[in-house]
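The values are calculated or read from the model by the stated rules, or taken from the named source; none is laboratory data. Since we're looking at a predicted model, the values are computed, not measured. Cβ sites come from the backbone with ideal geometry, for glycine too, and all protein chains shown count toward neighbours. Accessible surface areas use protein heavy atoms only, side chains included; no ligands, DNA or RNA. Shrake-Rupley method; radii C 1.70, N 1.55, O 1.52, S 1.80 Å.
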Amino acid sequence: NRVAVPERSTTDVVTAVNFDYRAFDTLGEEFILFAAVVGVTSILRALRGERTRAPTDEAAGRRVPETSLAVRVIGLGLVPPTILIGVYIVAHGHQTPGGGFQGGVMLATALLLTYLSADYLTLRRVGPTWLSELAEGLGAAGFALVGVAGLLAGGAFFENFLGKGTPGELLSAGTILVSNFAVGLAVTGGFALLLSEFLQQTLTRRRGRRPRTGRA
């Protein structure tokens, strides 16, 4: 607690531990999540079997149960503040409690709110599977590359090779800030992908292996 602020230029010592002092452990945790998402996705897709048509094509044209106006208004109204708070938590993880893991889960929750206030097709349009997969892969790879860059530039894995800045300012803490954003991207993509896969599996089973457009 005494040395973390001057050494790492961060006012959140927990973040200094997660993304600097013990960043290698966090890398392991990140790839545990990555492996879990890949495993669950592979199992669910295997259970559904191969499809000749995309789920959105099968669902197109089906009659969508009406969503109450109150649910639509409240759900859609909560999407922007949820995204804003999630981005804030990720961006200020080196200053206040929070960070990439917590903010990433909040950002993925915005997709759930979209589904609850609209339907499955809307969720797939605003958060397509390929985009979630890309975010998860880029985030996990980006976090690992920060460690490799530290090894090449500073001689130690996850060594800080960027200017530390002034504690308390947004652009400070060196590589901790970059790592935080990478983890936020990976967690957002991972949880968004899990949400999409679980919903598709649930809706497929309820419609006799054909996904519906309404809510679960």
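Details
- Test: residue in region 175-194 that is open to solvent by less than 60 Å² (accessible area, probe 1.4 Å) and at pLDDT below 90: no
- Residue pairs whose Cβ atoms lie under 8 Å apart, sitting 6 or more positions apart in sequence or on different chains, and linking a residue in region 113-131 that is open to solvent by 10 Å² or more (accessible area, probe 1.4 Å) to a partner that is of a type in the set (F, W, Y) and at pLDDT 85 or above, are T122/Y115.
- Of all the residues in region 19-34, those that are open to solvent by less than 60 Å² (accessible area, probe 1.4 Å) and closer than 15 Å to G150 by Cβ number 5.
- In summary, G165 fulfils each of the numbered conditions (1) buried (at least 22 other Cβ atoms within 10 Å of the Cβ); (2) outside any helix (DSSP H, G or I) with the single exception of condition (1).
- Contacts under 7 angstrom Cβ, first residue in region 190-202 being in contact (Cβ under 8 Å) with a residue 12 or more places away in the chain and part of a helix (DSSP H, G or I), partner open to solvent by less than 10 Å² (accessible area, probe 1.4 Å) and among the aromatic types (F, W, Y), 6 or more apart: L199/Y115; L199/Y120
- Put simply, of N160, N180 the only residue that is in a helix (DSSP H, G or I), touching a residue at least 12 places away in the same chain (Cβ under 8 Å) and not hydrophobic (A, V, I, L, M, F, W, C) is N180.
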